[in-house]
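**Q** Got a structure for you, written out below as structure tokens; questions coming shortly.
The values are calculated or read from the model by the stated rules, or taken from the named source; none is laboratory data. Quick caveat, the model's predicted, so the values are computed rather than measured. For neighbour counting, all protein chains shown are included, and Cβ atoms are generated from backbone atoms with ideal geometry for every residue, glycine included.
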Amino acid sequence: MSQSGAPLRRDVAEHITGRIVDGRLPAAARVNEVHLAAELGVSRTPLREALVELADRGLLVAEPNRGFRVPPLDLDEARKLYPLVGELEALALRWTAPQDLLGLLDRLEQQAEQMEAVLEGGGDLSVLDDNWHGLLLSACANAHLMRLIVQTKPLLKRYDVLYFGGPERARRSLDEHRRILAAIRAQDLNEAARQLTQNWANGAAYLGCRPR
């Protein structure tokens, strides 16, 4: 990482976020700042700034005189996050102009077909699902709302990465995506938002099962 200042801090924060979400920095693990700075090729200053930012966002816990650690997994927290993200995404959908949503339909359908093919082949849909939701909201006109969604979803994704697996949930989620698209095609934005909220709420039903 060769940038400096705020861009470097953001890059470091994004990299650490990725490690937290995919489990390379597991739940309850303590962050070794010396090793992490060496791995990322950055000085302690931008690393510490990034760690403070992530603690402010809830992705890390700052402990006085002990540094930072990853929060433990808490299913009660996750059960609150799923419907919260659903409500935020539904609000973002309502902030999107109907003509812009219609303009995204073909690409959303193509991604849904790709997900169908991956599902039939026994593949993992977690990344494709994340990309589909990102495309769905890509024309939202409220930058403040989108920033809130971007900051909140990593809190949920570390649970989603663990619990998304399994053909039953993947099939159900894909069917829900198609209902969202059908509502958009019918220009029924309220129904599309309702289906989107339900898609996230249904994800909470899989919490408590054995991680994949």
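**Q** Residues of the range 179-204 being more than 19 Å from the chain's Cα centre (by Cα) and within 14 Å of Glu109 (Cα to Cα), which ones?
**A** Correct list: Arg179, Leu181, Ala182, Ala183, Ile184, Arg185.
**Q** Quick one: in the range 117-136, of everything that is assigned to a helix (DSSP H, G or I) and charged (D, E, K, R), which residue is farthest from Pro154 (Cα to Cα)?
**A** Selected residue: Glu120.
**Q** Continuing with this model, one more query. Is it true that Thr152 is more than 26 Å from Val21 (Cα to Cα), β-branched (Val, Ile, Thr) and surrounded by 14 or more Cβ atoms within 10 Å (Cβ to Cβ)?
**A** no
**Q** A further question on this structure: Pairs only if they're at least six apart or on different chains, beta carbon under 7 angstrom, first in the range 37-60 and within 19 Å of Arg158 (Cα to Cα), second among the aromatic types (Phe, Trp, Tyr) and surrounded by 16 or more Cβ atoms within 10 Å (Cβ to Cβ); list them, first residue then second.
**A** If the second residue must be among the aromatic types (Phe, Trp, Tyr) and surrounded by 16 or more Cβ atoms within 10 Å (Cβ to Cβ), the pairs left are Leu51/Phe68; Ala55/Phe68; Leu60/Phe68.
**Q** Also: Taking the range 8-19 as the search range and keeping residues that are modelled with pLDDT under 95 and crowded, with 20+ Cβ neighbours inside 10 Å, which one is nearest to the chain's Cα centre (by Cα)?
**A** Among them, the one singled out is Arg9.
**Q** Next up: Within the range 104-119, track down each residue that is free of Cβ contacts under 8 Å to residues at least 40 places away in the same chain and touching an Asp or Glu at 6+ places or on another chain (Cβ under 9 Å).
**A** Val118
**Q** Say whether the condition of being β-branched (Val, Ile, Thr) and under 26 Å from Gly103 (Cβ atoms) is met by at least one residue in the range 153-168.
**A** no
**Q** Let me ask another. Of all residues being buried (at least 17 other Cβ atoms within 10 Å of the Cβ) and at pLDDT below 95 in the range 127-136, which is farthest from Val85 (Cα to Cα)? Just the residue, please.
**A** Here the answer is Leu128.
**Q** State all residues of the range 92-103 that are free of Cβ contacts under 8 Å to residues at least 60 places away in the same chain and surrounded by fewer than 18 Cβ atoms within 10 Å (Cβ to Cβ); if no residue qualifies, say none.
**A** Residues satisfying the conditions are Trp95, Ala97, Gln99, Asp100, Gly103.
**Q** Going by the conditions given, is Leu75 within 14 Å of Tyr159 (Cα to Cα), in contact with a Leu (Cβ under 9 Å, 6 or more places away or on another chain), buried (at least 21 other Cβ atoms within 10 Å of the Cβ) and modelled with pLDDT under 95?
**A** The answer is no for Leu75.
**Q** Do you know which residues across the range 124-178 are of a type in the set (Ser, Thr, Tyr) and under 22 Å from Val70 (Cα atoms)?
**A** Once the filter is applied, which keeps residues that are of a type in the set (Ser, Thr, Tyr) and under 22 Å from Val70 (Cα atoms), the range 124-178 yields Ser126, Thr152, Tyr159, Tyr163.
**Q** Is it true that some residue in the range 200-211 is surrounded by 13 or more Cβ atoms within 10 Å (Cβ to Cβ), at pLDDT 95 or above and assigned to a helix (DSSP H, G or I)?
**A** Within the range 200-211, none of the residues are surrounded by 13 or more Cβ atoms within 10 Å (Cβ to Cβ), at pLDDT 95 or above and assigned to a helix (DSSP H, G or I).
**Q** Out of all the residues in the range 138-149, which are surrounded by fewer than 19 Cβ atoms within 10 Å (Cβ to Cβ) and within 18 Å of Ile184 (Cα to Cα)?
**A** Within the range 138-149, Ser138, Ala139, Ala141 qualify.
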